[in-house]
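Please treat every number below as a calculation from the coordinates, not as lab data. Given the structure is predicted, the values throughout are model-derived calculations rather than measurements. Glycine also receives a Cβ, built like all others from the backbone with ideal geometry; neighbour counts cover every protein chain displayed.
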Amino acid sequence: MANAVPVSPPAARPRLTVSMAVALAILAGWLVVAIAAPILAPYDPDAVDILNMLAPPSAEHWFGTDQVGRDVFSRVLFAARIDVFLCVIGVLPPLLIGTTVGLASGYFGGVVDTLFMRLYDLFVAFPFFVLVLAIVGVLGPGLINFVIALALVGWVSYARLVRAEVLTIRESEYVQAAQCLGYAPAVIVTRHVLPNAVGPVIAYAVSDAVLVMLAGASFGFLGMGAQPPNAEWGVMIADGQAFVQQAWWICLFPGLAIVSLGLGFAFLGDGLGRMQRRQVTA
């Protein structure tokens, strides 16, 4: 029929792998911990007990206590609220901004594409962490300012990835058919281009959550992220570095938490990437 709407090719049905199942279990577990931390934690994470300073792991304090007697296990649980939050809120703004810019740049080209490429050249001229550190230094230390810095810097990678996908998709037959039928560019972009370009972007976003989490822990360690007395894994490691020889548990358990959450996102991102490559080669 002359007015038939062109349909983009259906995506292959995803198949859950063992590594992805493990990753989802890890992430779901940490999400539950983050939500239920006030219920699960046996102690107030900020309660000081000078009579139990640097107490080793025991039945009373499973992960021991820190230099002022705070329960490390409770602080690890409450710190998950900040770090899991960072993995989401630190990825979402760059993802939305970068996807929008990449769609416009790749589909319309011209001045929009030229402007984006010059911005991209400007951003890649400096290391990612240096730019984020510079912005946080100007705005001041704190979790909100750190998230703002991530949004101002991180969108470029998403935009470049989306642009590369759109440049290929816009030459496909179903997009050209939609253009010939007179559909508005907004309809073509939202109904045909974006659904077929979003797969690699989601896989990249999941993997990028690992970088965001490590950046949050690193900036917390440097005193530029979450501020004491808030429980955050990087801050906890920074607090315990002076006591690492006599109270190794202060740094060990937050470090294991960072590794486990990072592995969860890494396995999930790798699985999504493999799934996307199989769909491309199918």
### Message
Can you compute the FRET efficiency between residue 36 and residue 92 using 1/(1 + (r/R0)^6), with r the Cβ-Cβ distance and R0 = 25 Å? Round to the nearest 0.05.
### Response
0.65
### Query
How much length is gained on full extension from residue 202 to residue 126, taking 0.36 nm per residue of separation minus their Cα-Cα distance?
24.9 nm
### Task
Could you tell me which chymotrypsin sites (Phe, Trp or Tyr not before Pro) in segment 166-230 are loop residues by DSSP with no more than 12 other beta carbons within 10 angstrom of their beta carbon?
none
### Task
Mind giving me the nanometre distance, one decimal, between the label points for residue 256 and residue 44, set 7 Å out from Cα along Cα→Cβ?
2.7
### Query
Using a Gaussian network for the chain with springs between C-alpha atoms less than 10 Å apart, which of these wobbles most: 240, 98, 109?
109
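Can you give the extra length, in nm with one decimal, that the chain gains between residue 167 and residue 246 once fully stretched, where that is 0.36 nm per residue apart less the Cα-Cα distance?
Values: separation 79, 0.36 × 79 = 28.44 nm, distance 5.74 nm.
Difference between extended and current length: 22.7 nm.
Once you order the gyration tensor axes a ≥ b ≥ c over the Cα atoms, which shape class does segment 187-282 get: rounded for a/c under 1.5, otherwise prolate or oblate by comparing a/b with b/c?
On the way: a/c = 5.55, a/b = 2.46, b/c = 2.25.
Judged from the Cα gyration tensor, segment 187-282 comes out prolate (a/c at least 1.5, a/b above b/c).
Per the helix-only calculation at 222 nm, which mean residue ellipticity applies to the chain, given -39500 (n - 2.57) for every DSSP H run of n ≥ 4 and division by its residues, nearest 500 deg cm²/dmol?
Details: 11 runs with 193 residues, N = 282.
The helix contribution divided over the chain gives -23000 deg cm²/dmol.
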### Message
Compute a Gaussian network model of the chain, connecting alpha carbons closer than 10 Å, and tell me which residue from 185, 94, 57 fluctuates the most.
### Response
185
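Kirkwood hydrodynamic radius of the chain from all distinct Cα pairs, in Å?
On the way: mean 1/r = 0.0475 Å⁻¹.
About 21.1 Å for the chain.
Tell me which GluC sites (Glu not before Pro) from segment 83-178 have a DSSP coil assignment and no more than 11 other beta carbons within 10 Å of their own.
Values: sites: 165, 171, 173; in loops: 171.
Answer by residue number: 171.
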### Task
Report relative contact order for the chain in percent, whole number only (criteria: Cα-Cα under 8 Å, sequence separation at least 6).
26
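Check each of the trypsin sites (Lys or Arg not before Pro) in segment 21-127 and keep only those in coil by DSSP with at most 16 other C-beta atoms within 10 angstrom; list them in order.
Numbers: sites: 70, 75, 81, 118; in loops: 70.
Those that pass, being in a loop and sparsely packed, number zero.
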### Task
Please identify, among 208, 46, 121, the residue showing maximal mean-square fluctuation in a Gaussian network model of the chain using a 10 angstrom Cα cutoff.
121
### Message
Taking the Cα centroid of segment 36-94 and of segment 233-277, what is the distance between the two, rounded to the nearest whole Å?
### Response
14
## Note on the structure
Extension length gain for residue 176 and residue 68 (0.36 nm per residue less Cα distance), in nm, is 32.2 nm
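For a test of the definition: using alpha carbon positions, the gyration tensor, and the 1.5 limit on a/c, classify segment 19-162 as rounded, prolate or oblate. Write down the numbers at each step before the final one.
On the way: a/c = 3.89, a/b = 2.23, b/c = 1.74.
Taking the square roots of the gyration eigenvalues as a ≥ b ≥ c, segment 19-162 is prolate.
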### Message
Taking just the alpha-carbon atoms of segment 111-197, what radius of gyration and Dmax come out, in angstrom?
### Response
17.4, 53
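Round to the nearest 0.05 the FRET efficiency obtained for residue 17 and residue 114 when R0 = 35 Å and r is the Cβ-Cβ distance.
Numbers: r = 41 Å, r/R0 = 1.17.
E(calc), rounded to 0.05, equals 0.30.
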